[in-house]
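Data first, discussion second: the structure below is written as structure tokens.
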Amino acid sequence: MSAGRLILVVGPSGAGKDTLLGFARDTLRGRDDIVFARRVITRPADATEDHEAVSEAEFSSRDYLLSWQAHGLSYGIPAACEADLAAGRTVVANVSRRIIPAARARFNCVVVEITAPPAVLAARLAARGRESAADIEARLARQVGASEADVVLVNDGPVETGGRRFVDALLF
């Protein structure tokens, strides 16, 4: 096990994970003991998510701390984060629930699930404009297994409220 702590952030699309991650990143700026991993994704860049956009070929040529496939895309957390963990830092990463068991087997993990009521999820998904109404409906209807979360945050209010609760969860 690594000396540091890996915080796995999970939750449904539209729950506000990236918004709360951005709030926490800004709030904790300047701390060298917390690292926010930037995901690598085979999807074009857009304003709703901070990620490194790459082609499938580029994705396949790299090493990852964790990687997975979802919705026809490849996702990865850069292997460089392993050095941060070895140095005793906390690494915060937005991941799929599917990789929790493998991550827990390798790292000192805390799982933080961010969620919101279905109506809030639907409104947020529609606002980001990446999916059709039918795609949003299918996404909301999808049954997802238990996240094995250590902390669950319901993010259905102002960003500052959810953001402060998220920062508190990262620092416990």
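The values are calculated or read from the model by the stated rules, or taken from the named source; none is laboratory data. Every value quoted in this text rests on a predicted model; they were computed, and no experiment measured them. Cβ atoms come from the backbone with ideal geometry, glycine included; neighbour counts cover every protein chain shown.
Can you tell me which of SER13, SER67 is closer than 30 Å to GLU131 by Cα, of a type in the set (Ser, Thr, Tyr) and over 11 Å from the mean Cα position of the chain (by Cα)?
Residue meeting the stated conditions: SER67.
Are any residues in segment 96-120 surrounded by fewer than 19 Cβ atoms within 10 Å (Cβ to Cβ), in a loop (DSSP other than H, G, I, E, B) and more than 14 Å from the chain's Cα centre (by Cα), and if so, which ones?
ASN108, PRO117
Which residues, counting only those in segment 72-109, are touching a residue at least 60 places away in the same chain (Cβ under 8 Å), of a type in the set (Lys, Arg) and under 23 Å from GLU131 (Cβ atoms)?
ARG97
Cβ-Cβ under 6 Å, sequence separation 6+ or interchain: first residue in segment 21-33 and basic (Lys, Arg), partner modelled with pLDDT of 95 or more. Which pairs?
So the pair list comes out as ARG25/PHE36.
Mind listing whichever residues of segment 1-34 are basic (Lys, Arg) and in a strand (DSSP E or B)?
First pass over segment 1-34, keeping only residues basic (Lys, Arg): 5, 17, 25, 29, 31.
Within segment 1-34, ARG5 is the sole residue that qualifies.
Restricting to segment 121-140, give me the number of residues that are part of a helix (DSSP H, G or I) and surrounded by fewer than 20 Cβ atoms within 10 Å (Cβ to Cβ).
Initially, segment 121-140 is screened for residues part of a helix (DSSP H, G or I), giving 121-128, 133-140.
Right, trim to surrounded by fewer than 20 Cβ atoms within 10 Å (Cβ to Cβ) and you get 122-124, 126-128, 133-135, 137-140.
Here the count works out to 13.
Residue-wise test of (1) of a type in the set (Ser, Thr, Tyr); (2) modelled with pLDDT of 95 or more.
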site	(1), (2)
MET1	no, no
VAL9	no, yes
THR19	yes, no
ASP26	no, yes
VAL35	no, yes
ALA45	no, no
THR48	yes, no
GLU52	no, no
ALA57	no, yes
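Which fully enclosed strands (runs of 3 or more DSSP E) of segment 35-95 have 1 or more residues being surrounded by 18 or more Cβ atoms within 10 Å (Cβ to Cβ) and among the small types (Gly, Ala, Ser)?
Details: elements: 39-41, 51-53, 64-70, 73-78, 90-94.
Filter on segment 35-95 gives 64-70, 73-78, 90-94.
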